[in-house]
1. Just give me the residues in the range 39-55 being in contact with a helix residue (DSSP H, G or I) (Cβ under 7 Å, 6 or more places away or on another chain) and either under 14 Å from HIS135 (Cα atoms) or among the hydrophobic types (A, V, I, L, M, F, W, C) (or both), in sequence order.
2. Could you give every pair whose Cβ atoms fall below 9 Å, whose first residue belongs to the range 45-70 and is of a type in the set (Lys, Arg), and whose second residue is crowded, with 18+ Cβ neighbours inside 10 Å and at pLDDT 95 or above, counting only separations of at least 6 or pairs across chains?
3. Quick test for you: out of LEU11, LEU19, pick the one residue that is farther than 21 Å from ALA137 by Cα, aliphatic (A, V, I, L, M) and in contact with a Ser or Thr (Cβ under 6 Å, 6 or more places away or on another chain).
4. Of everything in the range 15-30 that's touching a residue at least 24 places away in the same chain (Cβ under 8 Å) and surrounded by fewer than 23 Cβ atoms within 10 Å (Cβ to Cβ), which residue is nearest to TRP71 (Cα to Cα)?
5. Quick check on the range 134-175: of everything there that is assigned to a helix (DSSP H, G or I), closer than 19 Å to LEU89 by Cβ and of a type in the set (Gly, Ala, Ser), which residue is nearest to the chain's Cα centre (by Cα)?
6. Write out, first by first residue and then by second, each pair whose Cβ atoms fall under 6 Å of each other, whose residues are 6+ apart or on separate chains, and whose first residue, in the range 119-139, is β-branched (Val, Ile, Thr) while the second is part of a loop (DSSP other than H, G, I, E, B).
7. In the range 76-114, how many are among the small types (Gly, Ala, Ser) and not in a loop (DSSP other than H, G, I, E, B)?
8. Looking for something closer than 27 Å to ALA193 by Cβ and either of a type outside the set (Gly, Ala, Ser) or assigned to a helix (DSSP H, G or I) (or both) - is there at least one such residue anywhere in the range 21-39?
Amino acid sequence: MNLRHCFSELLGTFLLAFLVHLSIGAHFPVPTPIIAGLTLGLIVYMLGGISGAHVNPAVTIALASINKISWKEAGFYVLFQLIGGGLALFFGKGLLGTSLTITAGTSMPILAAEAIGAAILVLAVSSVVYGKAPHDASGLTIGTALALGALAASVQSNGVLNPAVALGIGSLSLAYVLGPIIGGIIAAQVYRALVSE
């Protein structure tokens with residue numbers, strides 16, 4: 001386990017979940033999926049060279065499923081990502097002075113929407129990991145995918161696509177955990193099959 005990598009994941013996840021929390025609670029003039037996409041793009045450029053800037057348990061698990069990270073390291077990443085999400089919930093509530101009022105449903109349409117949105121994100125992450133997207137455009141590629149995936153998912157869900165962010169905004173349920181993980185694994189496997197020689 002590399003502690004620098006773990007704390008990089010904690011910091012990145014905290015920043016993403018915290019800004020999403022503030023975007024919802026303070027009613028930013030820019031839609032939350034765009035805020036999330038811009039934030040993730042910046043995080044990829046800031047922290048990608050340290051830990052890979054997964055900042056999402058679904059992304060980490062998807063990359064472990066295609067052997068791009070060991071399962072042991074993935075476990076530590078997920079732990080620190082969830083800590084980052086928990087800190088975002090704490091500090092977001094403290095800064096806003098109130099809790100967000102978000103309903104975290106558990107229906108199949110919500111699970112499916114979260115899976116589809118996360119699949120869009122992980123396809124983009126996979127394109128960067130496999131070197132099919134230009135390295136200099138990694139933040140733009142991944143940030144755009146998050147924004148579009150969240151917008152697509154928001155037709156049926158809260159458009160979170162990230163269990164740690166779901167924790168950070170109080171939208172945590174089985175659908176918001178399993179949906180992104182299932183969608184992420186499927187997308188990573190499909191992308192690997194597409195690029196395999």
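1. Passing the criteria: LEU40, GLY41, LEU42, ILE43, VAL44, TYR45, LEU47, GLY48, ILE50, ALA53, VAL55.
2. LYS68/ALA62; LYS68/SER126; LYS68/VAL129; LYS68/ALA188
3. Answer to the selection: LEU19.
4. Taking the range 15-30 first, the residues touching a residue at least 24 places away in the same chain (Cβ under 8 Å) are 15-18, 20-22, 24-26.
If we keep only those that are surrounded by fewer than 23 Cβ atoms within 10 Å (Cβ to Cβ) too, we end up with 15, 22, 24-26.
Values: LEU15: 24, LEU22: 32, ILE24: 33, GLY25: 35, ALA26: 38 Å.
This residue is LEU15.
5. Among those residues, the one meeting the criterion is ALA164.
6. Taking only residues 6 or more apart or on different chains, the pairs are VAL129/LYS68.
7. Residues of the range 76-114 that are among the small types (Gly, Ala, Ser), as a first pass: 84-86, 88, 92, 94, 97, 99, 104-105, 107, 112-113.
So of that shortlist, the ones also not in a loop (DSSP other than H, G, I, E, B) come out as 84-86, 88, 92, 94, 112-113.
Result for the range 76-114: 8.
8. Here is the first cut: in the range 21-39, the ones closer than 27 Å to ALA193 by Cβ are 37.
Okay, now just the ones that are also either of a type outside the set (Gly, Ala, Ser) or assigned to a helix (DSSP H, G or I) (or both), so 37.
Yes, the range 21-39 has at least one match.
The values are calculated or read from the model by the stated rules, or taken from the named source; none is laboratory data. All figures in this text were calculated on a predicted structure; none of them were measured in a lab. We place every Cβ from the backbone using ideal geometry, glycine too, and count neighbours over all the protein chains shown.
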